[in-house]
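Single-structure report; data block below.
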Amino acid sequence: MSMDRRQFLKIAGISSILGLGATAASATHNIWVKGLSPDEVAKNPEALNAQHWAMVVDMSQFKTDEDFQKTISACHSIHNVPDFKNPDGSVDLKDEIKWIWKAKYENAFPDQDNPYMEEKLKEMPFLVLCNHCENPACVRVCPTQATFKRKNDGIVMMDMHRCIGCRFCMAACPYGARSFNYRDPRPFIKTENKEYPTRTKGVVEKCTFCTERLAVGKLPACVEAAPKGGMFFGDLADKNSEVRKIIETRYTIRRKPELGTGPSVYYLIGGTEHA
Amino acid sequence: MLEKGLVGSKKYWAWLAFLGALAVSGVYYYLQQFNYGLGLTGLSRDVSWGLYIGQFTFLVGVAASAVMLVIPYYLHDYKKFSKIVILGEFLAISAVTMCILFIFVDMGQPMRIMNVVLHPTLNSVMFWDSMVLSGYLFINLLVGWVTLSSDRKGVPPPKWIKFFIYLSVPWAVSIHTVTAFLYAGLPGRHFWLSAVMAARFLASAFAGGPSLLILLALLVRKLTKFDPGKEQIQTLGTIVAYAMFANVFLLGLEFFTAFYSNIPGHMESFKYLYVGLDGHRELVPLMWTSSIFAAASLLMLVIPRIRKNETLLAFACIMLFISLWIDKGFGLIIGGFVPNMLNQVRTYWPTRQESIITLGVWAIGFLILSFLYKIAITVREESEGVEIEH
Amino acid sequence: MKLYDGGKILIGLVIFVAFATFPFYYNIGKVNAKPEPKLDTPEILKMPEQDRKCVESKAFMRTEHMQLLNNWRDSVVRDGNRQYISSATGKHYNMSLQNECMHCHANKKKFCDECHNYMAVKPYCWDCHIAPKEEEKS
């Protein structure tokens, strides 16, 4: 059989590509097949379960600055959220990372303009965080499913191992709830919580409704640290849950509901004082 | 054929050395960024996409513009483009490579890039963007190489290449539509949430890319023995004129919707860009330069006497390219992030390192372009007088 | 047969051979002892000898701990299941590198790093997962 040099090179090239491809395909097939089987895993018996975790926030119960600080630092400290500050002590707006923070009414609800509303409400800070939307835009755009909506309980979760740091989710989120690690966060963590990992540079992070606490039967850190009656957390799908009862009987608003994202964080309007 | 890019005059090698130096400094600063993190750029929690993604967006348009040569020649038998379609295809290769490089330098975890392939996500526009861009690069490499080597041998190209040539037409439209979809489907950002986004992108692509091609063709005529042709350049000029008109018109439509409706969310980004918002006027001079250049170049392109004068045409193309670069490569991106989702004005400006890395990527792109053009032009010079049959 | 550009080719060949054999002659004389991961952490020593069992067998761990950790990660982060039922011991374990594995194997330098350094492998787990603090024993 005679074959010229070009033909030989072409056949050699294609065979090596196919050979490499086949080994790669079988290797990846192995990884996908060798996940854990259902009889190898279980939930903790004390874990809190729900079909649709939701939160109700009553800002009227947050009376002092300390109330806010306790709630915010409860979250940021146990999750090893770094604290970036400029030399003059002001917040470094460039690299800052925050999972839950304060915002004025006009920033939390920019499309609910009401110039003559009560001055107190105009100045009152609102706690804002990831809304764990029913129809999250961030999940829709993530190219690797590094951020995804958990089927069992509706929490919009982050898989830091898979995130490629493209920041498409940050562009998509209508609430500005997400932060990016523009540099290594470890030098800026005040006190490490040794039971929770840190993140590394180049990944996006946000509030996760404390999945690691729910898994062991505890409520989210902010809910626990908030002043009494300030934050409620429960299963919106459960007709008898506290959050469901509040939302069905009192007037609550959500941030930017017209966008169709279906946020799961409800803000009680009027508070208990005006009930 | 690659060896044709490795022989050249002293000027050719000096040009490559210059580009190489820029590329190396870009790589040097990228390594710094890789070590420190993207904090080395001007990006922030509020403006999370900036110069890199802007350049990527602009260059997808330049890449798509190859189709403005392919359509007249292959679909409408405009034989006059026979010798220069290759210039469009090679420009597309260079532009898509730059796009991929800009994505790479913008990623927080570039080592995990394979996650996009290992975990394909069909609802993510970015997944589709990576697929269509890779496909377009492959198509142009294949078509460019096969047709050019056939020209060199003086034979018509194999019949099966026609499939890929025809495929490149809708594919070129798709790469820029998908890139527009990155922006046009995000619910919170009203500056981008517009149905005409994809149309605007395509119009500016078909104006910006061919205008660069005109400039390159004029340079080729000056520096080599290959003359792309006066008539060919004029046809390109007409294409640019129509496309630029569509682009300016569509931008005007956006202004109308924003300001006639008077909805704050729609107006605020425009205000930030063109008159300033909350005392922040960083981008105002740039945006007005872009608009003035756009209007001036459009006027020059539309008047036949001016368009037919090649010096004035070149001047108009330079203004047009700069105008579109500012508009799409910078203003469009920043405008989407200012004001942020809590209605706060937090601004952005690229850092020194970010700019050098950007320059480095452009240098790599032009290196590839120069190398490929050298090959194509040498083939044309050597086969002068030989008719091309595609 | 004439070798055109022979000088350039020979120089190129010499440079290539120098690069290709670099790992070998660079490491001549360096002693590379067999890795000996230590299991004498206080937590392990606390347990009675017959109970000193890992989540799975030593042979399994040696070859599969990377895969196991990957699977644990997907199960915890993506499925919300944190309890692992071992096929070797039948006991339930908390699927956590930081809180379960490192609870017993708190000596990362004398355990994990022993083999990793020998194999020149740098897993990036520790970029995020906090390694237990170890005292520097002189």
Practice item. Identify all residues within the stretch C:98-132 that are open to solvent by 30 Å² or more (accessible area, probe 1.4 Å), at the interface with chain A (Cβ under 10 Å from one of its Cβ atoms) and either on the phi > 0 side of the Ramachandran plot or hydrophobic (A, V, I, L, M, F, W, C) (or both); write none if there are none. Key: C:CYS125, C:TRP126, C:ALA131
**Study point:** Which listed residue, of B:MET131, B:MET197, is open to solvent by less than 50 Å² (accessible area, probe 1.4 Å), within 14 Å of chain A (Cβ to nearest Cβ) and either within 30 Å of A:THR147 (Cα to Cα) or modelled with pLDDT under 95 (or both)
**Key:** B:MET197
**Study point:** Condition check for A:ASP92: without any contact (Cβ under 8 Å) to a residue 12 or more places away in the chain, closer than 23 Å to B:SER44 by Cα and open to solvent by less than 50 Å² (accessible area, probe 1.4 Å)
**Key:** yes
Point to revise | Every residue from the stretch A:120-139 that is open to solvent by 20 Å² or more (accessible area, probe 1.4 Å) and either touching a Ser or Thr at 6+ places or on another chain (Cβ under 7 Å) or not charged (D, E, K, R) (or both) | key: A:LEU121, A:MET124, A:PRO125, A:GLU134, A:ASN135, A:VAL139
Check your understanding: Can you name the residue in the stretch A:202-258 that is part of a helix (DSSP H, G or I) and of a type in the set (Val, Ile, Thr) and, of all such residues, is farthest from the chain's Cα centre (by Cα)?
Key -> A:THR249
Practice item. Test A:LEU129 against the criterion of being more than 8 Å from chain B (Cβ to nearest Cβ), at pLDDT 95 or above, at negative phi and within 12 Å of the chain's Cα centre (by Cα), and give yes or no. Key: yes
Study note, to complete from the structure: Sole miss for B:VAL47 among (1) in a helix (DSSP H, G or I); (2) surrounded by fewer than 23 Cβ atoms within 10 Å (Cβ to Cβ); (3) aliphatic (A, V, I, L, M) is condition (1)
Check your understanding: Name the residues in the stretch C:77-97 that are facing chain A (nearest Cβ under 8 Å) and of a type in the set (A, V, I, L, M), would you?
Key -> C:VAL77, C:ILE85, C:MET95
Study note, to complete from the structure: Checked against (1) more than 7 Å from chain B (Cβ to nearest Cβ); (2) among the β-branched types (Val, Ile, Thr); (3) open to solvent by less than 10 Å² (accessible area, probe 1.4 Å), A:THR144 satisfies every condition except (1)
Exercise for review: Considering only residues that are out of contact with any helix residue (DSSP H, G or I) (no Cβ under 7 Å at 6 or more places or on another chain) and in contact (Cβ under 8 Å) with a residue 60 or more places away in the chain, look in the stretch A:59-72 and name the one that is least open to solvent (accessible area, probe 1.4 Å).
Suggested key: A:MET59
Check your understanding: Does any residue of the stretch B:60-70 turn out to be open to solvent by 10 Å² or more (accessible area, probe 1.4 Å), more than 14 Å from every other protein chain (Cβ to nearest Cβ) and free of Cβ contacts under 8 Å to residues at least 60 places away in the same chain?
Key -> no
**Study point:** Which listed residue is crowded, with 21+ Cβ neighbours inside 10 Å, within 14 Å of another protein chain (Cβ to nearest Cβ) and at pLDDT 90 or above, from A:VAL156, A:VAL56
**Key:** A:VAL156
Practice item. Return yes when B:LEU342 is of a type in the set (A, V, I, L, M), within 14 Å of another protein chain (Cβ to nearest Cβ), in contact with a strand residue (DSSP E or B) (Cβ under 8 Å, 6 or more places away or on another chain) and open to solvent by less than 30 Å² (accessible area, probe 1.4 Å) and no when it is not. Key: yes
Practice item. List the number of the failed condition for B:SER323; all other conditions in (1) of a type in the set (S, T, N, Q); (2) within 30 Å of A:ALA108 (Cα to Cα); (3) surrounded by 20 or more Cβ atoms within 10 Å (Cβ to Cβ) hold. Key: (2)
Point to revise | Any chance B:LYS4 is touching a residue at least 12 places away in the same chain (Cβ under 8 Å) and touching a Lys or Arg at 6+ places or on another chain (Cβ under 7 Å) | key: yes
**Study point:** Only one of A:ASP159, A:ASP153 that is among the charged types (D, E, K, R), under 11 Å from the mean Cα position of the chain (by Cα) and within 23 Å of C:SER75 (Cβ to Cβ)
**Key:** A:ASP159
Review point. So, of the residues in the stretch B:348-368 that are buried (at least 19 other Cβ atoms within 10 Å of the Cβ) and within 14 Å of chain A (Cβ to nearest Cβ), which turns out to be nearest to B:TYR28 (Cα to Cα)?
Key: B:GLU354
Check your understanding: Hey, does the stretch A:240-263 have a residue that's within 12 Å of another protein chain (Cβ to nearest Cβ), loosely packed, with under 15 Cβ neighbours inside 10 Å and within 25 Å of C:CYS101 (Cβ to Cβ)?
Key -> no
Point to revise | Among the residues listed as B:ASN140, B:ASN123, the single one being in contact with an Asp or Glu (Cβ under 6 Å, 6 or more places away or on another chain) and not acidic (Asp, Glu) | key: B:ASN140
Exercise for review: Name every residue in the stretch A:175-196 that is surrounded by fewer than 22 Cβ atoms within 10 Å (Cβ to Cβ), in contact with a helix residue (DSSP H, G or I) (Cβ under 7 Å, 6 or more places away or on another chain) and facing another protein chain (nearest Cβ under 7 Å), in order of residue number.
Suggested key: A:ARG183, A:GLU195
Review point. In the stretch B:334-364, which residues are among the β-branched types (Val, Ile, Thr) and either part of a loop (DSSP other than H, G, I, E, B) or modelled with pLDDT under 95 (or both)?
Key: B:VAL338, B:VAL345, B:THR347, B:THR351
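The values are calculated or read from the model by the stated rules, or taken from the named source; none is laboratory data. Computed from a predicted structure; not experimentally measured. Using ideal geometry, Cβ is built from the backbone for each residue, glycine included, and neighbour counts are taken over all protein chains shown. Surface accessibility is based on the protein's heavy atoms, side chains included, excluding ligands, DNA and RNA. Shrake-Rupley method; radii C 1.70, N 1.55, O 1.52, S 1.80 Å.
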